[in-house]
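Written below as structure tokens is the structure these notes are about.
Bear in mind these aren't lab numbers, they're just calculated from the coordinates by the rules spelled out. In this text, all values refer to a predicted model and were calculated from it rather than measured experimentally. Neighbour counts are summed over all protein chains in view; Cβ atoms, including those assigned to glycine, are modelled from backbone coordinates with ideal geometry.
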Amino acid sequence: MTAEVQEGVWVGQEPSWDSPINRGTHCAKGASVRELVKGERRLKYPMKLVNGEWTRISWDVAFDEISKKMLEIRAKSGPESVWFLGSAKFSNEGAYLFRKFAAYWGTNNVDHQARICHSTTVAGVANTWGYGAQTNSYNDIRNSKTMIIMGGNPAEAHPVSLQHVLSGKEINRANLIVIDPRMTRTAAHATEYVRMRPGTDIPVIWGMLHHIFKNGWEDKAFIQQRVYGMDMVRKEVEKWTPAEVERVTGIPGAQLEKVAKTFATEKPSTLIWCMGATQKTVGTANVRAFCTLLLATGNVGAPGTGANIFRGHCNVQGATDLGVDIGTLPLYYGLDDGAWKHWARVWETDFDWFKSRFDTTKAPDGKDISMMGVPGIPSTRWFDAVTLPKDQVAQRDNLKGVFVMGHGGNSIPRMPEMTKGLEALELMVVCDPHPTTFAHISNRKNGTYLLPMSTQFECSGSRTASNRSLQWGEKVVEPIFESANDYWVMHTFAQKLGFADKMFKNITMVKGKFGMEPEAESVLREINRGGWSTGYCGQSPERLKAHMKNQDKFDLVTLRAPKDAPAEVAGDYYGLPWPCWGTPEYRHPGTHQLYNTNLHVKDGGGTFRARFGVEYDEPQADGTKKKINLLAEGSFSKDSELKDGYPQFTYGVLKKLGWDKDLTEAEKGVIEKIGGNAPDGVSWAIDLSGGIQRVALEHGCIPFGNGKARVNAWQLPDPVPVHREPIYTPRTDLVAQYPTRPDYKHFRLPNIGFTVQKAAVDKGIAKEFPIILSSGRLVEYEGGGEETRSNPWLAELQQDMFVEISPADAADRGIKDGGWVWVTGPENGSKARMKALVTERVGKGVAWMPFHFGGWFMGEDQRSKYPKGADPFVLGESVNTITTYGYDPVTGMHEGKVTLCQIRAA
Amino acid sequence: MTSMLSKVIRTGLLSLVFGLFVVAMPASAQQPSSVNPTAQSVKEAQLLDALKPGQSLAGRVSIPNKDAANLIQPGRDWRAFNQETLPRIGTIAILGVLALLVLFYLVRGKIRIDAGPSQMRITRFGSVDRFVHWLTATSFIALAITGANVTFGKSVLMPMMGPEAFSAWSGMAKLIHNYVGFAFMAGVALTFLIWVKDNIPGATDLKWILVGGGLLSKGTHPPAKRFNGGQKIVFWSVVLGGAFLSLSGWHLLFPTAEGMAEAQWHATLHGTVAFVMTALIIGHIYIGSVGMEGAFDAMASGEVDLNWAKEHHSLWVKEEMERKSGSRISGAAQPAE
Amino acid sequence: MARMKFLCDADRCIECNACVTACKNEHEVPWGINRRRVVTLNDGKPGERSVSMACMHCTDAPCASVCPVSCFYTTADAVVLHSKDLCIGCGYCFYACPFGAPQYPKTGNFGSRGKMDKCTYCAGGPEDDNSQAELDKYGRNRLAEGKLPLCAEMCSTKALLAGDGDIIASIYKERVAKRGYGSGAWGWKVAYKETIAI
């Protein structure tokens, strides 16, 4: 997107033709972004609630009052009682600073939208082959011969991606198979549409594998060389005969066999998924089943293959990478001491100082452990941490304050309960260009602040696309009204809270709208200095800006600039998709397709990451343990000097290979300083010199080792995925055989999914609420929709919240297309009033709602509770008023895609 | 009332004559075990071939304007009607009636009072009657002129006035037409209310019509009540034609989201009825003014010559005489009060 | 001179509405005026296709033919434009248009029609190219700047094509030949009295 600006006002928007990702094209939202910065419905100045009335305040007052209250909560209840919710709208630099901010405050209670979109993908994929991200790219789909889109509707959620999907479909006459409960706009362009019952993804995949194994369509050599655990999958898959699959999923055996054969034999094949797969109590298991299908058919690590996970928002990939997450520091280092020490070195802040910032808690053995190693409370559950009895929340005290930057308040299920949580908070801070649902839904009277923030167009920085490419975006105009950018606000709060000097020690300050603020370029350089684990080390601001300048030099399909392109980009992949190894000066081109052994590592080649160790003690049926080799066998990347699997590189490994002599003295110096008295243990991921990475690459090896992918993730619940019925299922006859997991504690909270499922069955909820409710996206809106519903061009196109209902169900209930209906849910006496859209998109017994609406709650129009002039043009009921309990055991993902409801004419 | 009538017209005539929109090809209700949406996709050519005249290819849109759901309405019938048929109807109707009148005038001349003026006057129309008549009459004339401008202005006036002046005039004409339409609707409604009881057709009228009202030859005066057969034809034409004009006009004035076919139907109806009525009214004006001695007085002063009344409304005069025993007859000797 | 046309390849169109909002944003078109819209046929059924539709800039345009004040004119590029100075908002062009292109702001008397508004092919109106008056009445004039309509330029899947009729027809033909299917050049038969042989 290219903006035309006259005298500080954004007047025109022209396509950026040369962008290899979108080639100048947009969807409804992209085509009207200029409106965001005109912003007639934006929040215009800081406000707070005074006895229930919105009152204008100054930034100074806001900073003083909020930070004072935060420190008060900290003193009284500890740092863990303030919960931070960040945003996929941050630039990479903003996301990084937000995570860093929480670290300096002293909590891991920091989360963002990825929790509710692809947290299960990241967990599932990373636990399979090393990194939790899209393996290939939108553009690479042009190489596919078969595409399965399952649990995703990219035509509405990722319209620009359809350019590549449909081009691939046309150029290769490729098979486009859509497996979805709903006949979506994407399915309309499929060559095969398969309707399934919501919540039965694993039986569908296992059903396909059943046919594949039975007919010998699997890629035996690939499995033997590069995959661990397929035998255990075979055993599970045996149970999923075509008859059982049809009984559970509703898909006829013949159709699934055809799909399985196509996918396994008309290669390269790719699997594309979205929230349909992830937003389930079995989200992580679903994702691992998907990965298993790809591995079984040898469809990973080559052009046209892979797990093409489509991510939303402008920077949800980057915000995930940079650790706006309860379970890790930036770039997936995790939370253990090693991770903290690595970042403490990068940040040049004493590790023990960090420790002093955190609470301690009692381990089961009675020992004190620091909360700095304990994952925080996920965004799906924060209100439980406010309202549950204190003894059920595994931290010093309940949550007392919530600090939100760029996250909607209607994106998470169980809104009636969230509202109670909101009302119980002492402090609620919403930093956003719009008031969001948080501002109006509760009956709070005081202690609520709205701070007007810039949009991404008023803030420079890098953003990471779904395919791991980074793009630099220049600020188009200064933030309008009194809104401010993320950098300045975080810096000012850090000042007020007393840790700005430490936190911004190595970051250049520049003159901004309201005074000195951190410079985005400088923040990115700090990310580069610490981002070794994920290959965020090579994408310097200079290189990214050179890419933006030379967009036209990159190939549409390979994303690579030719050798004769200008030197600053020659040979690079567009946006230096991570991992981009080594220092920026090393000029690694980035990695277009992960794990591609057909390329030299210096050309973006790679192997599966040896992330799960070298060997595994596999428990046997007789109770003994057998050592299993987890390194690749006979498979290696092109021209690798090691012609077999190998572990991750450390200083010690280099020494063993005799390659340590290739390190420079300076590099050795850095490594030895980091390692102290055990320098051999310094790995490629914490070597701040980049020397270990450089030497490994020079020998044709990938720093993270050459391991096997695993389809038996032994430390996770259900190491081999098994089917489990949704918490609220209409098929109560299947619950006994396929129950959800037993109750347990995770993320500091109890998860009582089993109890809820059992109670629902016992009480006959499915009779009272017979319709499956699923939810999804409209192309016009995004997320909670506050921003897009405030854009007149978009709002005009979708003026009413609606529920899709099948003609049969509508006829049974006397419901007319366009008529008003009440939708009721099985929890909290929830109800919502909206219009009916009678359509064959959904099958009988299934209803579907878009999730972007807010501003009405349980039938009540809350427009009057918005600050004047900041109410979106379009308001409506939120689907999450109706959605219910249910959380993935690995990530705390909610079950937003399957629940039950009843619908009647209003 | 109007809306009910309009409903009748809409649901009855419209759906019969034009049909409504069809949604393209019903899909099979049962999902077969294998679905290839690409291979099954709708094709424009097939959908167009399957369309009946007046129908459109319609689908679904998310915006509230349901007209927008009509993708293509291929029929060009209305254009042909509007550009060729309607001007032809208008030309034939107006020039035709003028020609007839000229011919009639040449043959029959002005119709005199056979017995000559009596100097005795009888009150035929009170002030209410006359107000309603002139309300309807003046508004009709304004509407006819501004309406005809839409059909003929472009070819007749624009070459003389130039596009800017013509557009300014037409814009004004549109405004006049839109506002005056309400006056006309009121006029038609009142006309109906005040005169309907005297306009129920009867055997007398049949006789009157059979002898051509006596207009064709001197000395023939078929008996008639307050309104003779000819006037009843005018009355019912005005009432029914006016109703059609009003209903179709109302729809054109307040476009509803009922689709293009319906809008075209209303425009067709409006134009056709308007020209037919214009022709009829020209005849009415002729006979009420230059065509017949003494007729104009009825709507001017409201009092007509007794002899004129006896000749054209003999039964009515008799009725009036009996009822009021001459009290309402006035003459030079007996000045009106 | 080129003969400008629109072509919506419905086998590519995904109803993303980029064309709609691109148009709205570019020309600041108010609520209720839809110069361009996307219609989905057979919604929710196998066979569903979405088509983006606006003024097709017809050959022998019916709107121009029925306009009682002759406010329409055709440019050298065969773009059908109109003068809002001459338009009297009578609605006849709407009755005649096969594509529902003419739109009317509800500013006229009785809340009925104001002066007609429709897709200009991003080519403005009779005023001087890129003058303020032209911008205010008709929106931007991209054609005069050598650019094509923004709706087509921003189309997410390159379904909507704008440009010289022969060129876009050949692009469409090539696509159909390559992929082996095509639901047709929607509106061409009605607007241009021709079809693209497949």
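Some observations on this one:
- Bridgeable aspartates and glutamates around residue A:668 (alpha carbons under 13 Å apart, same-chain partners fewer than 8 residues away excluded): A:660, A:680, A:687.
- Electrostatic dipole magnitude of the range A:732-905 [Cβ: Lys, Arg +1; Asp, Glu -1; Cα centre; debye, to 20]: 380
- Other protein chain Cβ atoms within 10 Å, averaged over every residue that makes up A:162-169: 5
- In this structure, the amide hydrogen of residue A:50, modeled 1.01 Å from its nitrogen in the peptide plane, lies closer than 5 angstrom to those of A:55, counting only residues at least 5 positions away or on a different chain.
- Per residue of B:79-92, other chain Cβ atoms within 10 Å of the residue Cβ number 2 on average.
- When each of A:100/A:400; A:69/A:100; A:220/A:625; A:48/A:420 is checked by Cα-Cα distance, pairs over 23 Å: A:220/A:625
- Taking the Cα centre of chain A as reference, the dipole from Cβ charges on Lys and Arg (+1) and Asp and Glu (-1) amounts to some 1040 debye.
- On Cα atoms only, tilt of C:165-179 relative to the major axis of chain C in degrees: 30
- Within the range B:80-331, the percentage of alpha carbon pairs spaced more than 26 angstrom apart rounds to 47%.
- Leading residue at positive end of dipole, the protein assembly as shown (Cβ point charges), from B:53, A:459, A:606: B:53
- Mean separation of Cα contacts under 8 Å, 6 or more apart, over the residue count of chain A: relative contact order %: 17
- Listed residue (C:180, C:149, C:27) projecting farthest to the positive dipole end of the range C:4-192, Cβ model: C:180
- Cα-based equivalent ellipsoid of the range A:732-905: semi-axis lengths in Å, sorted from largest, via gyration tensor: 29, 21, 14
- Computed 3J(HN,Hα) for the range B:74-86, one whole-Hz value per residue from the Karplus formula 6.51 cos²θ - 1.76 cosθ + 1.60 where θ = phi - 60°, is x, x, 10, 4, 5, 4, 5, 4, 5, 8, 10, 5, 5, glycine and proline marked x.
- Beta-bridge orientation, the range A:732-905: approximately 65 percent antiparallel, per DSSP, counting only bridges with both partners inside.
- The local environment of residue A:66, defined by Cβ-Cβ distances under 12 Å, has a net charge of -1 under the rule Lys, Arg +1 and Asp, Glu -1.
- Per the Debye formula on identical point scatterers at the alpha carbon atoms of the range A:119-313, with no solvent, log10 I(q)/I(0) at q = 0.11, 0.17 Å⁻¹ is -0.41, -1.10.
- Calculated mean residue ellipticity at 222 nm for chain B: -17500 deg cm²/dmol, from DSSP H runs with n ≥ 4 weighted as -39500 (n - 2.57), summed, divided by the residue count and rounded to 500.
- Note on the range A:882-901 and the range A:19-61: Cα centroid distance 30 Å, given to the nearest whole angstrom.
- Counting only Cα atoms, chain C measures 50, 38, 30 Å along its principal axes, largest extent leading.
- The local environment of residue C:124, defined by Cβ-Cβ distances under 14 Å, has a net charge of -4 under the rule Lys, Arg +1 and Asp, Glu -1.
- Computed [θ] at 222 nm, helices only, for chain C once each DSSP H run of length n ≥ 4 contributes -39500 (n - 2.57): -7000 deg cm²/dmol
- Descending by average beta-carbon neighbour count within 10 Å, the peptides B:268-277, A:430-439, A:145-154 line up as A:430-439, A:145-154, B:268-277, the highest first.
- Calculated diffusion of chain A, Stokes-Einstein form, Kirkwood radius summed over Cα pairs, 10 °C and 1.306 mPa s, µm²/s: 57
- Per-peptide average of other Cβ atoms within 10 Å, ordering B:62-71, C:33-42 highest first: C:33-42, B:62-71
- Cross-link pairs exceeding 21 Å in C-alpha to C-alpha distance, out of A:145/A:261; A:475/A:505; C:84/C:118, comprise A:475/A:505.
- Most mobile listed residue (B:72, B:113, B:287) in chain B, GNM with C-alpha springs under 10 Å: B:72
- Charge context of residue C:101, other residues only, Cβ under 10 angstrom, K/R +1, D/E -1: +3
- Look at the stretch C:187-194: the mean tally of other chain Cβ atoms within 10 Å of its residues' Cβ atoms is 3.
- In summary, the helical segments of chain A meeting the span-like criteria, namely a full DSSP H run, a Cα extent along the axis of 24 angstrom or more and a mean Kyte-Doolittle hydropathy of at least -0.5, are A:59-77.
- 20 Å Cα cut-off, lysine pairs counted over the range B:80-331 (separation 8 or more, or different chains): 21
- Set of aspartates and glutamates near residue A:280 by C-alpha distance (under 18 Å), chain-local residues within fewer than 8 positions excluded: A:180, A:201, A:718, A:725, A:743, A:827, A:888, A:895
- A simple charge model with +1 on the Cβ of Lys and Arg, -1 on the Cβ of Asp and Glu and nothing else charged puts the dipole of chain C at about 600 debye relative to its Cα centre.
- Amide hydrogen neighbours beyond the local backbone of residue C:9, cut-off 5 Å, H modeled: C:160, C:161
- Ordering B:162, B:275, B:309 by the projection of their Cα atoms onto the charge dipole of the range B:80-331, which places +1 on the Cβ of Lys and Arg and -1 on the Cβ of Asp and Glu, puts B:309 at the extreme positive end.
- When the helices of chain A are scored as -39500 (n - 2.57) per DSSP H run of n ≥ 4 and the total is divided over every residue, the value at 222 nm lands at -8500 deg cm²/dmol.
- Relative packing of peptides C:81-89, A:28-36, A:534-542, A:477-485 - highest average C-beta neighbours within 10 Å first: A:28-36, A:534-542, C:81-89, A:477-485
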